[in-house]
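Asker: One structure, as structure tokens, below. Some questions next.
Each value in this text was obtained by applying a stated rule to the coordinates, not by laboratory testing. On a predicted model such as this, the values are computed, not experimentally measured, just so you know. Glycine also receives a Cβ, built like all others from the backbone with ideal geometry; neighbour counts cover every protein chain displayed.
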């Protein structure tokens, strides 16, 4: 697992997603907001984590994750997930910069608090970051 800087603290996990119960944003290209790290944790089944560069919209890296595998996404990095089996279930564990922890962030209610879509038809809950750098990033 990637090391998380000491000034980032765990703030919670999303509910478990699976089947037809997955936010569309996770299945399309999106990024982790600045100030947050997200860790995808596969509970059951398999999925493909795809990391994107900012040039052609094609995945630059793909990581095949199975049950009990985890992958970390850094702030501002672009990625998507693709389910590889019908029984796949997963959740996102979220770490926030300690300055954001004081805001009482509740990540269990919505992924829009710490993720933002890149597609224009998926409007983020909060203002998009000014960081448009989508360098490839995947740590297991």
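Asker: Hey, with R₀ at 22 Å, roughly what FRET efficiency would residue 28 and residue 97 work out to, going by the Cβ-Cβ distance, to 0.05? Please list the in-between numbers first.
Answerer: Working: r = 25 Å, r/R0 = 1.16.
So, using R0 = 22 Å, E works out to roughly 0.30.
Asker: A further question follows. If the chain between residue 70 and residue 86 were fully stretched, how many nm would it gain, using 0.36 nm times the residue separation less the Cα-Cα distance? Don't skip to the answer; put the middle values down first.
Answerer: Working: separation 16, 0.36 × 16 = 5.76 nm, distance 1.88 nm.
Stretched out fully, the residue 70 to residue 86 stretch lengthens by 3.9 nm.
Asker: Also: Counting other beta carbons within 10 Å of each residue's own, what order do 97, 74, 30 fall into, fewest first? Intermediate values should be presented prior to the final figure.
Answerer: Working: 97 16, 74 19, 30 26.
The order, fewest Cβ neighbours first, is 97, 74, 30.
Asker: Looking at the stretch 8-100 from every direction and averaging, what is the projected area of its Cα convex hull in nm²?
Answerer: On the way: hull surface 22.8 nm².
Answer in nm², one decimal: 5.7.
Asker: Let me test this: with uniform point scatterers at the alpha carbons of the stretch 1-54, what is the Debye-based log₁₀ I(q)/I(0) at q = 0.16, 0.25 1/Å?
Answerer: Here log10 of I(q) over I(0) equals -0.64, -1.40.
Asker: Looking at the stretch 8-100 only, what percent of DSSP beta bridges run antiparallel? Nearest 5 please.
Answerer: Working: 34 of 34 bridges.
Approximately 100 percent, going by the DSSP bridge assignments.
Asker: Can you give me the distance in nm between label points at residue 4 and residue 44, each placed 7 Å from the Cα along the Cα-to-Cβ direction?
Answerer: The two pseudo-label positions are separated by 2.6 nm.
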